[in-house]
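The values are calculated or read from the model by the stated rules, or taken from the named source; none is laboratory data. These numbers come from a predicted model, not from an experiment. FYI the Cβ positions are ideal-geometry reconstructions off the backbone, even for glycines, and counts take in every protein chain you see.
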Amino acid sequence: HDVLLEVENLQKWFPVSSDRLFRRGKEHVQAVDGVDLQVRAGETLGLVGETGCGKSTLARCMTRLYDVTSGRVTFDGTDITSLSRRELRPLRREIQMIFQDPYGSLNPRRRVGSIIGDPFAIHGVGKGAERKRKVQELMELVGLNPEHYNRFPAEFSGGQRQRIGVARALAMRPKLIVCDEPVSALDVSIQAQIINLLADLQQEFNLTYVFIAHDLSVVRHVSDRIAVMYLGKVVEVAEADALHEAPRHPYTNALLSAVPLADPDLSDRRERIILRGDVPSPLNPPTGCRFHPRCPKAADTCAAEVPPLISRLNDGPDHLAACHFPVEIGENLVEARPTIA
Ligand code: SF4
Ligand code: MG
């Protein structure tokens, strides 16, 4: 596989002032803590986890919108970990992001033609009538009416505003687009349209996507591979089918048990796994396996030792899980009881 983007042992900690705790010094939110992940050229990598698991932070580190605390980010063979704003500029053509709330990222007082043309202005591509023509081509490409060039964002529906975001992301013909919950705010019928649009564009322009979502139902259908995050770490990564057929990490299992099944014949095979408690604070994450206070399979080893993200059981090198006691196919976690409190 050609690797387009790679992060190694990536850490992103945010300092938090702890004055109010009557203590000196700083505490840190360990938003991303030791992530290894590869994005392969031409694939869609789904990145899944609950709110606060660090997936958006990871995405912003991957695209170097954030500086990283430690670790390494490599894009297209170049180490981009410590490039300055200036040095990053050429990279801004190659890597783009699409956000959940296109409205929030669109200035309401600017016309969409000029918003979509921003990347051309920033990178000095074309001007005047030529730039307008390029913008109108982009509008057409994403299913917007080019005659609406002079309209304001408020004159578009939610789905159309997401198309504006897609058009802007495409302007410089990037290699990689990181889509941060691009459809979460949209109605289901509109979600499908945007997902189909992204899929068509991927084909046409040979794009690589990282597709972030908070549940598995959306990413299942769009992803070649899926990485599951929990509390700042990747706990499992596998091809989409393998992840669904043989999830090894108990957290992945629980997430999957919450996804409605397309095939009703299978529904009796899967009971919903209810996890104990809430996600702990990333200020002071649990020792060992960070999932252990909530895990149905937790044992003493789990609180003591961090499980490495490696191939488990008979899985090949493309299926990795960070769990000391990986789940066997058919194992019933609904009835499992942890052996530690
Ligand atoms: Fe559960 Fe232990 Fe596996 Fe963590 S390492 S997921 S606590 S069984
Ligand atoms: Mg987010």
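When restricted to residues that are hydrophobic (A, V, I, L, M, F, W, C), farther than 16 Å from residue 30 by Cα and in a loop (DSSP other than H, G, I, E, B), region 45-78 contains 1. Beta carbons closer than 6 Å, at least 6 apart along the sequence or on distinct chains, pair a first residue in region 291-312 that is over 14 Å from residue 327 (Cα atoms) with a second that is of a type in the set (Ser, Thr, Tyr) and more than 10 Å from ligand 1 (Cβ to nearest atom) for 303/287. Considering only region 11-23, I want to know if a residue exists there that is at pLDDT 95 or above and not polar (S, T, N, Q). Taking every residue of region 11-23 in turn, at least one turns out to be at pLDDT 95 or above and not polar (S, T, N, Q). Scanning region 79-92 for residues that are over 20 Å from the mean Cα position of the chain (by Cα) and not acidic (Asp, Glu) yields 82, 83, 84, 85, 86, 88, 89, 90.
Hey, any hits in region 283-296 for a residue that's within 13 Å of ligand 1 (Cβ to nearest atom), among the polar types (S, T, N, Q) and closer than 30 Å to residue 208 by Cα? No, there is no match, as no residue in region 283-296 is within 13 Å of ligand 1 (Cβ to nearest atom), among the polar types (S, T, N, Q) and closer than 30 Å to residue 208 by Cα.
Being closer than 30 Å to residue 250 by Cα, buried (at least 20 other Cβ atoms within 10 Å of the Cβ), touching a Ser or Thr at 6+ places or on another chain (Cβ under 6 Å) and at pLDDT 90 or above is the requirement here; does residue 178 meet it?
Working: closer than 30 Å to residue 250 by Cα: yes; buried (at least 20 other Cβ atoms within 10 Å of the Cβ): yes; touching a Ser or Thr at 6+ places or on another chain (Cβ under 6 Å): yes; at pLDDT 90 or above: yes.
It is true that residue 178 is closer than 30 Å to residue 250 by Cα, buried (at least 20 other Cβ atoms within 10 Å of the Cβ), touching a Ser or Thr at 6+ places or on another chain (Cβ under 6 Å) and at pLDDT 90 or above.
For region 32-44, taking the residues that are among the hydrophobic types (A, V, I, L, M, F, W, C) and in a strand (DSSP E or B), the one that is surrounded by the fewest Cβ atoms within 10 Å (Cβ to Cβ) is identified as 37. A count restricted to region 108-124 and to residues that are farther than 18 Å from residue 150 by Cα, touching a residue at least 24 places away in the same chain (Cβ under 8 Å) and of a type outside the set (A, V, I, L, M) stands at 1.
Matching residues to (1) assigned to a loop (DSSP other than H, G, I, E, B); (2) within 26 Å of the chain's Cα centre (by Cα):
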position: 108; (1), (2): yes, no
position: 115; (1), (2): no, yes
position: 125; (1), (2): yes, no
position: 130; (1), (2): no, no
position: 138; (1), (2): no, yes
position: 149; (1), (2): no, no
position: 154; (1), (2): no, no
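Scanning for something buried (at least 16 other Cβ atoms within 10 Å of the Cβ), without any contact (Cβ under 8 Å) to a residue 60 or more places away in the chain and among the polar types (S, T, N, Q), does region 77-91 turn up at least one residue? Yes - at least one qualifying residue is present in region 77-91. Within region 285-341, being surrounded by fewer than 20 Cβ atoms within 10 Å (Cβ to Cβ) and either in contact with a Lys or Arg (Cβ under 6 Å, 6 or more places away or on another chain) or of a type in the set (Gly, Ala, Ser) (or both) holds for 288, 299, 303, 304, 311, 316, 325, 330, 336, 341.
Here is a check on your reading of the model: is residue 169 assigned to a helix (DSSP H, G or I), hydrophobic (A, V, I, L, M, F, W, C), free of Cβ contacts under 8 Å to residues at least 12 places away in the same chain and out of contact with any Lys or Arg (no Cβ under 8 Å at 6 or more places or on another chain)?
Details: assigned to a helix (DSSP H, G or I): yes; hydrophobic (A, V, I, L, M, F, W, C): yes; free of Cβ contacts under 8 Å to residues at least 12 places away in the same chain: no; out of contact with any Lys or Arg (no Cβ under 8 Å at 6 or more places or on another chain): yes.
Criteria not met by residue 169.
A count restricted to region 306-327 and to residues that are in contact with a Leu (Cβ under 7 Å, 6 or more places away or on another chain), small (Gly, Ala, Ser) and more than 10 Å from ligand 1 (Cβ to nearest atom) stands at 1.
How many residues are of a type in the set (Gly, Ala, Ser) and either at pLDDT below 95 or part of a loop (DSSP other than H, G, I, E, B) (or both) if we restrict to region 307-328? Explain how you work it out, then say what you get.
First, the residues of region 307-328 that are of a type in the set (Gly, Ala, Ser): 311, 316, 321-322.
Now drop any that are not either at pLDDT below 95 or part of a loop (DSSP other than H, G, I, E, B) (or both), which leaves 316, 322.
Adding up the residues that qualify gives 2.
Determine, yes or no, whether residue 105 is within 16 Å of ligand 2 (Cβ to nearest atom) and either touching a residue at least 60 places away in the same chain (Cβ under 8 Å) or crowded, with 16+ Cβ neighbours inside 10 Å (or both). It is true that residue 105 is within 16 Å of ligand 2 (Cβ to nearest atom) and either touching a residue at least 60 places away in the same chain (Cβ under 8 Å) or crowded, with 16+ Cβ neighbours inside 10 Å (or both). For region 313-324, residues that are more than 25 Å from the chain's Cα centre (by Cα) and touching a residue at least 60 places away in the same chain (Cβ under 8 Å) total 1.
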